[in-house]
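Nothing in this text is a laboratory measurement; each read-out follows from the coordinates by a stated rule. Please read all numbers here as calculations on a predicted model, not as lab measurements. In this analysis, Cβ positions are derived from the backbone assuming ideal geometry, glycine residues included, and neighbour counts consider all displayed protein chains.
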Amino acid sequence: MKHELALSHALRLIIGIGLLLFFLQLSAAALAQETKKVRMAYSAFSISFLNVFIARDAGLFKKHGLEAELIQMAGPLPVAALAAGEIDYLTGYTTGIVATGQGAPLKGIMISLRKPPFFLVAEPSIQRASELAGRRIGVDRIGSLQHLVARLLLKAKGTDPEKAIFTQTGSVSNTVTSLGQGAVSAAVLSGPHNVIMVQKGFREIGSADELPMQFPTSGLVVNETKLKTDAARIKTVIRVMLDAAAYCRKEKSRAVNYVKDKWKLEQKVAETVYEQWLSILTPDGKISIKDMQEYFDLAYGQKQISAPINVAAVTDYSLLDQVLAGK
């Protein structure tokens, strides 16, 4: 009887240990799954973030063992979310860096586009930039990068931007509608809307690519504390972004078809949008600190941002450099 009780006790103990190990494994698996997830914020369904969308939909995150959650967030919300640790990455590079001027604990680690895919498009009757003096020009928001680019383009083409009337539309769709209905005489558009409007007879007056300075448009911005605590995973995400850029360069037909399907475009429009985007893609995920400083100094001097930015203090290419070196 004592022998049977001992065996029963031992059996219960073995079962108990087995169950404990089983639940520990489940917990570990759940934790591992959670740590593989990355949350990235993007501001709009824009061609500016083509590499991010392709990285997700072409399986490049999964290839590197990550699960990406892309979250559309606009205005100050993504900066607050990144600072609070509610998201892991902000893809609107300029937005993140400007926030550091107000004390946000963020750092830029990679830049995807050296300039924004912005085009100044005017109604058919307007032949040149000088004719926009005294006319309304639509931008998404007064004080935004679109607003700055429009002002710089007018100035570069010999027109005083102070003589133009800038109108805040609030969204891409509102801007397109305003231009189409004649509420504004010109507007700053990005792909595919600039191509579509030109096809309809509207006139392209200029593009951001004509300007001499570099604009850090889209890329990766992180909470600075994660550079030390989560460096390995950050490097993995950098690899994904570099792979996405390489994919877009090498797989032209697939990238064009992706643009065509996602934005519901005609083939020729999709090809033009793709080529315009590809022309501003950075080769190695960087813009020089000097060039970025020139841009942010200009933006501050034009009163487009409220505080000066020390670019060297809020940019950290160290993890990108390690990845590029194969480390």
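Some points to look at:
- Along principal axes, Cα extents of segment 239-327, largest first, whole Å: 43, 39, 17
- Alpha-carbon centroid distance for the pair segment 40-67 / segment 135-165, whole angstrom: 31 Å
- Charge dipole (debye, nearest 20) of the chain; +1 at Cβ of Lys and Arg, -1 at Cβ of Asp and Glu: 360 debye
- Charge context of Leu153, other residues only, Cβ under 13 angstrom, K/R +1, D/E -1: +1
- Taking 12 Å as the straight-line reach from the Cα of Lys252, the aspartates and glutamates in range (excluding those fewer than 8 positions away in the same chain) are Glu271, Glu275.
- Centroid-to-centroid separation of segment 191-216 and segment 222-237 [C-alpha atoms, Å]: 35 Å
- Listed residue (Ala133, Leu70, Leu106) projecting farthest to the positive dipole end of the chain, Cβ model: Leu70
- Beyond 27 Å in Cα-Cα separation lie the following of the pairs Lys62/Lys268; Lys63/Lys268; Lys226/Lys327; Lys200/Lys250: Lys62/Lys268; Lys63/Lys268; Lys200/Lys250.
- Length gained when the stretch Gln102-Glu275 is fully extended (0.36 nm per residue, less Cα-Cα span): 58.7 nm
- Here's how it looks for Ile205: its modeled amide H is under 5 Å from those of Leu120, Val121, Ala122, which are all 5 or more places away or on a different chain.
- Amide H contacts under 5 Å for Ala164: Gly134, restricted to partners 5 or more places along the chain or on a different chain, H placed in the peptide plane at 1.01 Å from N.
- Pairwise FRET efficiency - Lys163 versus Ala84, Cβ, R0 = 56 Å, nearest 0.05: 0.85
- Computed helical MRE - 222 nm, the chain, DSSP H runs ≥ 4 contributing -39500 (n - 2.57), nearest 500: -14500 deg cm²/dmol
- With both residues required to sit in segment 118-210, DSSP beta bridges show an antiparallel share near 60%.
- Length gained on full extension, Glu131 to Gln181: 16.1 nm, using 0.36 nm per residue less the C-alpha separation.
- Counting beta carbons within 10 Å around each of Ser190, Ser218, Ser306 and listing the fewest first gives the order Ser306, Ser190, Ser218.
- What the Cβ-Cβ distance of Thr225 and Val198 gives, at R0 = 41 Å and to the nearest 0.05, is a FRET efficiency of 0.35.
- Taking other Cβ atoms within 10 Å as a rough exposure proxy, Asp160, Asp316 sort from fewest to most as Asp160, Asp316.
- Dipole size of segment 72-145 about its Cα centre, with +1 on Lys/Arg Cβ and -1 on Asp/Glu Cβ: approximately 280 debye, rounded to the nearest 20.
- Arg39-Tyr300 FRET efficiency (beta carbon distance; Förster radius 35 Å; 0.05 resolution): 0.70
- Within the shell defined by Cβ-Cβ distances under 14 Å, the residues around Pro308 carry a net charge of -1, with Lys and Arg each +1 and Asp and Glu each -1.
- Each Lys or Arg adds one and each Asp or Glu subtracts one; over the other residues with Cβ under 13 Å from the Cβ of Gln168, this totals +1.
- C-alpha long axis of helix 267-278 to longest principal axis of the chain, angle in °: 80 degrees
- All Cα-Cα separations within segment 91-186 were binned at 10 Å from zero, giving a P(r) of 15, 42, 28, 13, 2, each value a whole percent of the pairs.
- Length released on extending from Glu69 to Lys250, taking residue separation times 0.36 nm less the Cα-Cα span: 62.6 nm
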